[in-house]
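For reference, the structure discussed in these notes is given below.
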Amino acid sequence: MIICNYPNGSKVQGKKYQPENFSQKKRQVIEFGKRGMSFEEAINQSNAYYLTHGLCVVHKKPTPIQIVKVDYPQRSKAKISEAYFKQASTTDYNGVYKGKYLDFEAKETKQKTSFPFSNFHQHQLKHMEAVLEQKGIAFVLLFFSRLQRVFYYPAEKLIEQYRTSKRKSLKLSDIEQEGIELTIKIAPQIPYLEAVDILLRTC
């Protein structure tokens, strides 16, 4: 088992989308288009589709780690058993679309009426704010696993709510009003560029 240590010293071992099936394993897995993909995997598939069709170039950011312990169960095999995150991560994905820089985070929750602010970190919000200051496009993809609903939510709205709201979470009603609900498709699975296009048309 790989033990990953965070910088703070802690350790870690507008439309409706309705997937067809839902199951619980080690983590929640959704049948995105009957392919058995997790939310993250569905986004990665979408990025691969966009790249293949020359629509945009977006990749998941690798998290830099420092390897501190390697086991050798066999002479020809090496197994990393302990590693440290070198630095706090910013957001999950970045890239370029129609000459615009894209930067976004993907989050999910089991809650049905709100999205906890605890899912977001201060350094992530500061990073997205810096992207916005440079005229980039920053947002979050929010997945309500029990409701089977996915939303595109602008970073500027998230930052405003995070800093001014007296609540500990984003209300679903606010997300519905200020965000854009995405509809699952065969390809791409999570068509977030449709929401980006709406933003670009209104700018």
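Numerical summary
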item	result
Packing-based exposure ordering (other Cβ within 10 Å, fewest first) of 150, 58	58, 150
Exposure proxy ranking, count of Cβ atoms within 10 Å, fewest first, for 167, 149, 201	201, 167, 149
Order of 192, 162 under a 10 Å beta carbon neighbour criterion, fewest first	162, 192
Inter-probe distance in nm under a simple model that places probes 7 Å from Cα toward Cβ, at residue 119 and residue 164	2.2 nm
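Coordinate-derived values only; no laboratory data. Everything numeric in this text was worked out from a predicted model, so none of it was measured. Virtual Cβ from ideal backbone geometry, glycine too; neighbours counted across all protein chains shown.
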